Structures are given as structure tokens and as C-alpha cells.
Amino acid sequence: MARACDPMSREGVRAVAARDASIQCIFCRIVRGEAPSHPVYEDEHTLAFMDIAPVSDGHVLVIPRAHGATIFEVGAEDAAAVARGAKRVAHALREVLSPPGLMVGQLNGEAAGQTVFHYHVHLIPRREGDALRIHGRGPARPERLAELAASLRAALAKVP
Ligand code: 5GP
Ligand code: ZN
């Protein structure tokens, strides 16, 4: 029988750390409905919503529901689910905005520029001559984010 003073397994330590991190994590708060977002797509394992400070019109983030800070902590199944969700949203972005290009980005660690430590993939529509940026310069108009999210949700309903 396990005793209260048994040292925790490595998995146990990871689970407790993830639970503690998720209490404050802004993306976990969005998953739990405690913070607002403009949702685009959701399934059992993932969520996609408009980036609040987009690099370009149509910048979407895709995240796993489960907290994991970076590619090193996120589960392989969750990473795969995010990739599948990102592909669906990419098709919807093409349908709605027809951008000449679409950048898919994912940052791990402060040195890579990561600012929110809950694994996520950026989908950033791009045009010829756009500066190669991964962060926007300021918040978008909420009305525009709502309008785009609605159009993307409608387009996603038709993605096979
Ligand atoms: P990172 O630098 O971690 O790769 O990207 C984090 C992204 O999350 C940034 O593009 C930033 O604009 C976005 N972001 C930060 N806080 C929020 C928020 O509360 N809501 C939404 N929708 N996006 C956020
Ligand atoms: Zn989180």
C-alpha cells in the first residue's frame, strides 16, 4: 500500500506541476471558459481561437486542451491532435481570406520568443513583402476578430 510519505513518481510530479501551472495559465483559463476568446474550432482534444494581437488579419492559435508548456511537455497524441486541428483551420483560412501564403509557427522557450507557456501553433496568413514576424504589434479590434471567427466557423463546417 502506498504511504503518504512515498516519493512521488516522475509522472506524478509532472501531473502536479501541470495542474499548478494551469490554474494561472491564460490558455487554460480560455479552455475552462474563465477568460474570453473568439473561438474558431474545437474538438475533444483541441481548441482554436483568434490571436488577440495578430501578426496579420486571420492569425489563429491552435492549442491542446491539456496543459503542457512546450513541445517537450505536451503529449504526443495532443501534439498530433493540434496538427490535425491546424490543418482544418488552414483550409478554412484559405476559404475565407485566400491569403497568398500561410505561415505555421510554434515557439518553445523564452529564447525562441515564446510568451505563453501552454503549447500552441500559430497560423499566420502572409502576403508578399510581409515582414517575417511571429508577434503582432497590438490588440486587434474585437469586432473584426468576432467577424473572422464567425466566417471561419462557417467555413470549417464544410472542411471534410
Ligand atoms: P507565443 O509568443 O507564446 O508563441 O505566442 C503567444 C500568442 O498568444 C501571441 O501571439 C499573443 O498575441 C497571444 N495571446 C496572448 N494572450 C492572449 C489572450 O489572452 N487571448 C488570445 N486570444 N491570444 C493571446
Ligand atoms: Zn495552460
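The values are calculated or read from the model by the stated rules, or taken from the named source; none is laboratory data. What you are looking at is a predicted structure, and each value in this text was computed from that prediction instead of being measured. Here the Cβ positions follow ideal geometry from the backbone for every residue, glycine too, while neighbour counts run over all protein chains shown. Only protein heavy atoms, including side chains, enter the accessible area calculation; ligands, DNA and RNA are left aside. Shrake-Rupley method; radii C 1.70, N 1.55, O 1.52, S 1.80 Å.
Suppose all protein chains stay in the model; what accessible area per residue would a 1.4 Å probe give for segment 1-71, in Å²?
With the other protein chains kept in place, segment 1-71 gives 59 Å² per residue.
Sorted by mean Cβ packing within 10 Å, highest first, what order do the peptides 84-93, 70-79 take?
Those peptides, ordered most packed to least, come out 84-93, 70-79.
Once whole DSSP H runs in the chain are found, which of them have Cα atoms spread over 27 Å or more along the helix axis and a mean Kyte-Doolittle score of at least -0.5?
76-97
What list of ³J(HN,Hα) values in whole Hz, one per residue of segment 55-71 in order, does the Karplus curve 6.51 cos²θ - 1.76 cosθ + 1.60 (θ = phi - 60°) give from phi, with Gly and Pro shown as x?
Couplings: 6, 8, 4, x, 5, 10, 10, 10, 9, x, 5, 7, 6, x, 5, 9, 4 Hz.
Show me 19-30, 114-125, 42-53 ranked by packing, highest mean number of other Cβ atoms within 10 Å first.
Taking the mean over residues of other Cβ atoms within 10 Å, the ranking is 114-125, 42-53, 19-30.
With a cut-off of at most 15 other beta carbons within 10 Å, and DSSP calling the residue loop, which trypsin sites (Lys or Arg not before Pro) in segment 95-136 qualify? Please list them. Before the final figure, lay out each step's value.
Details: sites: R126, R127, R133; in loops: R127, R133.
Listed in order of number, the matching sites are R127, R133.
Mind listing the Cα extents of the chain along all three principal axes, in Å, largest one first?
61, 34, 26
Sequence-distant or interchain residues sharing an amide H contact under 5 Å with R126, placed H: which?
G101, L102, M103
In segment 23-107, what percent of the accessible surface is made up of carbon and sulfur (1.4 Å probe, ligands and nucleic acids excluded)? If you can, show how the numbers build up before the last one.
On the way: 2380 of 4210 Å².
Ligands and nucleic acids excluded, carbon and sulfur reach 57 percent.
Would you mind checking the radius of gyration and Dmax of segment 74-160 based on alpha-carbon positions, in Å?
When restricted to Cα atoms, segment 74-160 yields Rg and Dmax of 14.1, 39 Å.
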